[in-house]
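> Dropping the structure in here first, questions after.
The values are calculated or read from the model by the stated rules, or taken from the named source; none is laboratory data. Model, not experiment: these values are computed from the prediction. Note that each Cβ is placed from the backbone with ideal geometry, even for glycine, and that neighbours are counted across all protein chains shown. Accessible surface is based on the protein model in full, side chains and every heavy atom, while ligands, DNA and RNA are left aside. Shrake-Rupley method; radii C 1.70, N 1.55, O 1.52, S 1.80 Å.
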Amino acid sequence: MIAAAFFYLFAGILVASAFMVIASKNPVHSVLYLILAFVNAAGLFVMMGAEFLAMILVVVYVGAVAVLFLFVVMMLDVDFAELKKGVLQYLPVGLLLGGIFLAELLLVVGSWVIGPGVPKAITAPIPTGISNTEAIGLVLYTKYVYFFQISGMILLVAMIGAIVLTLRHKERVKRQNISAQNARTPEMSMQVVKVRQGQGLGSNALGSNSVDANSTGSAS
């Protein structure tokens, strides 16, 4: 009875916060509702015995992704009123995509009602006597290892693409040129200066000596 009460509590708050993520007009409030949805989803994972997934959801998504979203939204200062002006022209496309997603959800729910044994047939048996973390590792790195590697490569390409697209070179910032450094010769890097007696290595002495050297070279 207590487990059912906690399940309905977490599930109800999760659904309500997920609805507020898309219904809230303030983007900062949307991110805060998203964090609340993640925390309640972690509570459901704990009730299912998947404590590793719950901790990953809290540490990775709440601690990194959602907070990053919050900082980005607060720092960009996007004018959302300007963005919403042309929303009506994309309404047919949005309704089409929403209809496709709704049909997929109905198919999933309908197949589960028609065939209750379908979820049990597609799941891998969990060995007994091991922890939840070890069971996930056994399935992830054996049966789905290729899909795991492909997803990692996709994330790597997306990260490199984001860096390349957002990289901007400033004109006044000095940057290292490897090819120019490797092409330097001792004649380009050093200058032999003859210092006269009683004079130091000041700018005037260097200037006069360089002028004398140039005039001597041209005369010769």
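Conditions (1) open to solvent by 80 Å² or more (accessible area, probe 1.4 Å); (2) within 24 Å of Val46 (Cα to Cα); (3) modelled with pLDDT of 80 or more; (4) assigned to a helix (DSSP H, G or I), marked per residue:
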{"residue": "Gly94", "(1), (2), (3), (4)": "no, no, yes, yes"}
{"residue": "Gly98", "(1), (2), (3), (4)": "no, no, yes, yes"}
{"residue": "Phe101", "(1), (2), (3), (4)": "yes, no, yes, yes"}
{"residue": "Gly129", "(1), (2), (3), (4)": "yes, yes, no, no"}
{"residue": "Glu134", "(1), (2), (3), (4)": "yes, yes, yes, yes"}
{"residue": "Ile150", "(1), (2), (3), (4)": "yes, no, yes, yes"}
{"residue": "Gly161", "(1), (2), (3), (4)": "no, no, yes, yes"}
{"residue": "Val164", "(1), (2), (3), (4)": "yes, no, yes, yes"}
{"residue": "His169", "(1), (2), (3), (4)": "yes, no, no, no"}
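> Scan segment 45-75 for residues that are touching a Phe, Trp or Tyr at 6+ places or on another chain (Cβ under 8 Å) and open to solvent by 50 Å² or more (accessible area, probe 1.4 Å) and report the count. Show your work before the answer.
Here is the first cut: in segment 45-75, the residues touching a Phe, Trp or Tyr at 6+ places or on another chain (Cβ under 8 Å) are 47, 51, 53-54, 57-58, 61-62, 66.
Filter once more, so that each one left must be open to solvent by 50 Å² or more (accessible area, probe 1.4 Å): 47, 51, 53, 58, 61.
Final tally of qualifying residues: 5.
> How about segment 10-23: which of its residues are farther than 23 Å from Asn132 by Cα, among the hydrophobic types (A, V, I, L, M, F, W, C) and surrounded by 13 or more Cβ atoms within 10 Å (Cβ to Cβ)?
At the first step, the residues of segment 10-23 found to be farther than 23 Å from Asn132 by Cα are 12-23.
Imposing the further condition that a residue be among the hydrophobic types (A, V, I, L, M, F, W, C) reduces the set to 13-16, 18-23.
Passing the criteria: Ile13, Leu14, Ala16, Ala18, Met20, Val21.
> Same structure, new question: Could you say whether any residue in segment 24-44 is in a helix (DSSP H, G or I), over 21 Å from the mean Cα position of the chain (by Cα) and loosely packed, with under 13 Cβ neighbours inside 10 Å?
no
> Could you tell me whether segment 176-190 includes any residue that is of a type in the set (S, T, N, Q), over 40 Å from the mean Cα position of the chain (by Cα), at pLDDT 75 or above and assigned to a loop (DSSP other than H, G, I, E, B)?
yes
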